[in-house]
Amino acid sequence: MDAYTDKIKEISKKILSEGKVDVVIGFRKGTLGYMSEPYMAKSEKEAENLVFDCNCRMNLVNYVTNRKDKVGIVVKGCDSRNLVTHIIENKIKREQLYIIGVPCTGLADKKALLDLAEGEITSVEDDNETITIKGDGFEKKVAKSDVLQSNCKTCIKRNPVIFDELAGPEVAELEISDRFADVDEVEKMSADERWNFFGELLSECTRCYACRNACPLCYCPTCFVDESRPQWVGKSDNETDVLTYHFLRAFHDAGRCTDCGACEAACPMDIKMRYFTRKTIKDCVEKYGSEAGMELDKRPALDQYKINDPNEFIK
Amino acid sequence: MEFVGLEEDRLHFSWISSAEAVKFADVAKQVAEKVKVLGPNKKFVKRYPTKDTE
Amino acid sequence: MRAANPYKPYPVRIDEIITETDDKLLKTFKFVFLNPEDEEKFAYKSGQFAELSIPGQGEIPIGIASSPTEKGFVKFTVFKAGKVTSYLHSMKVGDVMGLRGPLGNWYPWEILEGKNIFIVGGGFAYTTLRSSIKMMIDPANRSKFGTIDVVYGARTPGHLLYLDELNEWGDRDDVNMHITVDGTDDPNWRFHKGFVPQIADKVAPPASDDTYAIVCGPPMMIKFTQPVLDKLGYKHDHIIMSLENRMKCGIGMCGRCNIGKELVCKDGPVFTLEQINKTPREY
Amino acid sequence: MKMISIKKSDWAGAMEKVQKSYRLAGPVKEKKGHTFRELKDGETPDLEYSETRMSVKEVVLPQSEVMFSYSLDENKEGHHILEEVPFDETPRAAVGIRPYDAKAVEILKKNFMTEDYKDPYFERRYENLTLVGMAENNPSPVNFSTSCGTGPFDESCLDIILADAGDSYIGKALTEKGEKFAAAAGFAEGDSGVEAKLAELKEQAEGKIKSKVSFDKIEKMTILDLYEAPFWEEAAFACINCGTCTYACPTCWCFDIQDEVKGKDGVRMRNWDTCMSEVYSVHTTGHDPRHEAWQRTRNRFMHKLKYYLDKYEDGIMCVGCGRCVSQCPVNIDIRKVCQQMNDYEPSK
């Protein structure tokens, strides 16, 4: 996806110089070879720092919430769907945005890259087929499909659903045979097995809230875990409180989550909290036939009532 | 709730009108029976810290 | 043998509750120590604060409103705002809770002795100032200070704290009380009308090496009082202020109350304006 | 000072022996790599690790710790009065910590054991604790400990230092506490060659560290100059204000105090807090002196690299372990920020 960088710079400089936007929110190269850092360019000169690659793991929609200025923003397919949700939920106005869409072929999993490296990684190159990891005295090539972030493997929309300009030609969408295999696996377990599975899954959570803070959906002025009147959840590392946090956060994101994977990419403990959000996605797809953020005039699944909504859970 | 491992029978939704007193009583009885079979809930119950936790 | 646990409050009983303001949002709580020997351990100076500690609710840092010259109890005036203060407002005489302190520094009485004191206070920040005045006008202490001028204001007469006491002190000739309210329609109002900085401008004692101003109040009042004092020629090391920030531990360990490298709970809450000028104003 | 040499094959046995008189914490291999935690009886600290995501901080300042318990039942004697909770006085040892992490414990001590107040929870853990270090032969690329007044072989804050010398761990007992632990573990005495080998390994290891920070000029600037520097908003733009850096940091000491009640029984406990959080410094009125996200990020770096430096005049509040660098979800890099601060020239 490295080829998008030049086009993003070009578009950004153009819209900044024409005054179409006040700032462009994109990525710049990080200090680590396998990281790119969210960055806001305010001038044509600063736009020269913009890059795009398979290390752009954060969802930039997270950075436009409630902004009042005119913003250029770089979005992948999944991010663009969050932008749609943001517009529907009045977190930003369409008119404020100049959307630079990135037809995405997937992000590289940070942990996979580090596991492959034989020393310090200095750069990660991506030609959409092969990832080349270069470092201190080593160079490794791997098929991109082998190091994809797990959410990218089941991506249903690689091309942005909303944009003003694309940074490259649209790419073919994936054909996925078994989209919710991971969730199915858990559903097959007995109640006790599931309980233990999630206990184990969250055992290392430190409640740093990186998953919440990386999430564009989590924009509540005061999160329920921070509320003191009433206090919904204890604040210690108690396992029930930890589970309550993850569990309720997933509920809050139900019908709105686009599986962008920013939460897992942000987690310093490699916790797979997408099991929770993906269960909500699966239910919304199967029960309401609804995918989050696909159209500007379609509100999130749990935000509307239809007479034929399934209600078999009511006995 | 079921997904994280709570037993299915602990959670119950019913649609009961304020006029359906008999139905309400029936449902309550059924739920109580089901929960009795399951016994006391041990999941999602906060283990309470009392002393040096290590 | 370890020193006493600084997080452990002294058990106290609520002895009296006085509703101070017409809107009932301010109440004064008089506490007595369950173990009489704790009172001695709680020896404090005017300007210090303590953590009011309610088991099950939490703790809140509140300036001590009683004076060290008042024995047998400690008094705090508390604004009903958050979780703990709201709970405290619902408590009754006789209830048991905790008191942890005294904490922080105090108005620098070591320096202030022998000096003229100009006190400027507004709203419910008046509490530690009340403690200071009460202490200074105590017969044992009055001769240690020069002139004492006090400007104290609130929005309306109904918002003034310790009204009876103010009336009483207003009649004394060894302290110049300049009470003011932003406005009132009470025809019998015997004191000033107008904002604190305006009154301060009119009544302030002349600046000198021997005159110190103690300023304590809401941010707006402080903001507009400072130019007045500047104009009158008060040097910044002669302007003493008490700050507030969110606190938890009260003993300089939990981190949150910092303004620059200073911790408001331990290095403060009392600072000179000169000190504050050197540090980020994150309060 | 006693030299130590212990065959790797004897390590597990020694640890089993020492657990009779010590509670141990150390690196343990788990599914996703090594973690640092309290060990269960019979678990052996695994010294064959490269890094642990969490540091020894947990041992002296646990993420959650009960301070007091109390009863709200008015029918009970002493209701509403806080009681201290019992503490297990068994000696503890943190085995296999990195030498620079031990320096972090000394930094924490500056905060928790002051002239005016001693934090009893920290103090009792600290005094009870033997720090058994495992020198790092291959420091990670993000390690910059040598510029923070410590390093992969720093002995200054440890009770015992061990290093990997192939088939055996060699090292020294550096303090009385260390000698006691070595005796309890039955560590074999090393010969005179140990010292030379340690020096050799140290030189090699320190030579591998390419990553550096300097703060010589930060020292000379005023707090306000740095605070008002123009780069903060940009430097902090990416920051999502999660607590990752503060929790991973072995020197970040901020905590929160919370009451928790079940029925009529309650506890007062403290939990790690993070200056990145919105609720960290917000007043009850809703006023927050560090309302903007970037202001909170600035406060963190200013605290570590300037306020601490000025307050204690003993270097920065950072040991260069690099955890925050490698764990930050958005790649905010303290080395870069420190450089930016040090390079800054106030326009006066």
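Only the coordinates and a few stated rules stand behind these numbers; no lab work does. Keep in mind the model is a prediction, meaning the values are calculated, not measured. Cβ placement follows ideal geometry from the backbone for every residue including glycine, while neighbour counts extend to all protein chains displayed.
So how do C:SER53, D:SER140 line up by other beta-carbon neighbours within 10 Å, fewest first?
D:SER140, C:SER53
Rounding to the nearest 20 debye, state how big the charge dipole of the stretch D:2-208 is about its Cα centre with +1 on each Lys and Arg Cβ and -1 on each Asp and Glu Cβ.
Approximately 540 debye in magnitude.
Stretched out fully, how many nm does the piece from D:GLU43 to D:VAL261 gain, at 0.36 nm a residue minus the Cα gap?
Here the segment from D:GLU43 to D:VAL261 would lengthen by 75.1 nm.
Among C:GLY194, C:VAL181, C:GLY252, whose Cα sits farthest toward the positive end of the charge dipole of chain C (+1 at Cβ of Lys/Arg, -1 at Cβ of Asp/Glu, about the Cα centre)?
Going by the Cα projections, it comes out as C:GLY252.
What's log10 of I(q)/I(0) for chain C at q = 0.07, 0.11 Å⁻¹, Debye sum over Cα points only, no solvent?
After summing over all Cα pairs, the log10 values are -0.24, -0.62.
Where Rh is the Kirkwood radius over the Cα pairs of the protein assembly as shown, the temperature 10 °C and the viscosity 1.306 mPa s, what D in µm²/s does Stokes-Einstein return?
After rounding, the answer is 50 µm²/s.
May I ask for the longest run of chain D untouched by GluC sites (Glu not before Pro) that are loop-located per DSSP and have at most 13 neighbouring C-beta atoms (other than their own) within 10 Å?
Value returned for the longest uninterrupted segment is D:116-227.
Just in the stretch A:119-222: which GluC sites (Glu not before Pro) are loop by DSSP and have at most 16 other Cβ atoms within 10 Å?
Taking the stretch A:119-222 and a limit of 16 other Cβ atoms within 10 Å, the loop GluC sites (Glu not before Pro) found are A:GLU129, A:GLU170, A:GLU173, A:GLU175.
Compute the Rg/Rh shape ratio of the stretch C:10-103: radius of gyration over Kirkwood radius, all on alpha-carbon atoms.
Ratio of gyration radius to Kirkwood radius: 0.93.
Restricting to the protein assembly as shown, compute how many DSSP beta bridges are antiparallel as a %, nearest 5.
65 percent
Where Lys and Arg each count +1 and Asp and Glu each count -1, what net charge lies around A:LEU97 among other residues with Cβ under 9 Å from its Cβ?
With Lys, Arg at +1 and Asp, Glu at -1, the neighbours total +1.
What distance in nm separates the two pseudo spin-label positions at D:THR222 and A:ARG94, each 7 Å out from Cα along the beta-carbon direction?
Distance between label points: 5.3 nm.
FRET efficiency for B:SER18 and A:LYS306, Cβ-Cβ distance as r, R0 = 30 Å, nearest 0.05?
Between B:SER18 and A:LYS306 the formula returns 0.75.
Report the extension gain between C:GLU168 and C:ASP230 in nm, rounded to one decimal, defined as 0.36 nm multiplied by the number of residues separating them, less their alpha carbon distance.
That works out to 19.2 nm of additional length.
Spin-label point model (7 Å from Cα, Cβ direction): what's the A:LYS140 to D:GLU195 distance in nm?
So the label points at A:LYS140 and D:GLU195 sit 4.3 nm apart.
What aspartates and glutamates sit close enough to C:LYS24 to cross-link, taking a C-alpha to C-alpha distance under 12 Å and skipping anything fewer than 8 places away on the same chain?
By straight Cα distance, C:LYS24 reaches no aspartates and glutamates at all.
Given the stretch D:216-343, what count of lysine pairs have C-alpha atoms under 24 Å apart, with each pair 8 or more places apart or on different chains?
Close lysine pairs under the 24 Å cut-off: 11.
Which links in C:LYS30/D:LYS110; A:LYS134/D:LYS57; A:LYS157/A:LYS298; C:LYS8/D:LYS109 stretch past 28 Å when you go from one Cα to the other?
Violating the 28 Å limit, Cα to Cα: C:LYS30/D:LYS110; A:LYS134/D:LYS57.
If the only charges are +1 at each Lys and Arg Cβ and -1 at each Asp and Glu Cβ, what is the size of the charge dipole of the stretch C:109-242 around the Cα centre, to the nearest 20 debye?
260 debye
Run through the DSSP bridge list for chain C and note the antiparallel percent, rounded to the nearest 5.
Restricted to chain C, the bridges split so that about 60 percent are antiparallel.
Filter the cross-link list A:LYS29/A:LYS111; A:LYS235/A:LYS279; C:LYS27/C:LYS92; C:LYS27/C:LYS83 down to pairs whose alpha-carbon distance in this structure exceeds 23 Å.
Flagged as over cut-off: A:LYS235/A:LYS279.
Using a Cα-Cα cut-off of under 20 Å, which aspartates and glutamates could be cross-linked to B:LYS23, ignoring same-chain neighbours fewer than 8 residues away?
Within the straight-line limit of under 20 Å, B:LYS23 reaches these aspartates and glutamates: A:GLU312, B:ASP9, B:GLU33.
Kindly provide the chymotrypsin sites (Phe, Trp or Tyr not before Pro) of the stretch D:60-139 that DSSP labels as loop, not H, G, I, E or B, and whose Cβ sees at most 16 other Cβ atoms within 10 Å.
D:PHE87
Using Cα positions and a limit of under 16 Å, work out the aspartates and glutamates in reach of D:LYS20, with same-chain residues fewer than 8 apart set aside.
D:GLU38, D:ASP41, D:GLU43, D:ASP88, D:GLU89
Within 12 Å, Cβ to Cβ, of D:LEU47, how many net charges do the neighbouring residues add up to if Lys/Arg are +1 and Asp/Glu are -1?
Combined, the nearby Lys, Arg, Asp and Glu give -1.
Taking K and R as +1 and D and E as -1, what net charge do the other residues with C-beta under 11 Å from the C-beta of C:VAL84 add up to?
That sum, taken over residues with Cβ under 11 Å, equals 0.
Find which of C:ASN277, D:GLY166, A:ASN196 sits farthest along the positive direction of the dipole of the protein assembly as shown, computed with +1 on the beta-carbon of Lys and Arg, -1 on that of Asp and Glu, about the Cα centre.
C:ASN277
Take peptide A:25-31, look around each residue's Cβ out to 10 angstrom, count Cβ atoms belonging to other protein chains, and average those counts.
So the per-residue partner count for this stretch is 4.
Over the whole of D:281-291, what's the average partner chain Cβ count within 10 Å per residue? Rounded to a whole number, please.
5
Given the Cα atoms of the stretch A:179-309, and with Rh set as the inverse mean 1/r over their pairs in the Kirkwood sense, what is Rg to Rh to two decimals?
Radius of gyration over Kirkwood radius for the stretch A:179-309 works out to 0.97.
Per q in 0.14, 0.17, 0.24, 0.25 1/Å, what log10 I(q)/I(0) does a Debye calculation on the alpha-carbon atoms of the stretch B:1-49 return?
Per q value, in the given order, log10 I(q)/I(0) is -0.47, -0.63, -0.92, -0.96.
Taking the Cα centre of the stretch C:1-159 as origin, work out the dipole magnitude from +1 charges on Lys and Arg Cβ and -1 charges on Asp and Glu Cβ, in debye rounded to 20.
The calculation lands at about 180 debye.
Is the shape of the stretch C:109-242 rounded, prolate or oblate, going by the alpha carbon gyration tensor and its root eigenvalues a ≥ b ≥ c, with a/c under 1.5 for rounded and a/b larger than b/c for prolate?
oblate
Just name one of B:MET1, B:HIS12, B:ALA25: the one whose Cα is farthest towards the positive end of the charge dipole of the stretch B:1-49 (beta-carbon charges, Lys/Arg +1, Asp/Glu -1).
B:MET1
Once you average over the residues of A:201-212, how many Cβ atoms of partner chains fall within 10 Å of each Cβ?
What the average comes to for A:201-212 is 6.
What's the FRET efficiency of C:THR69 with D:LEU72 using the Cβ-Cβ distance as r and R₀ = 51 Å, to the nearest 0.05?
Efficiency at R0 = 51 Å is approximately 0.90.
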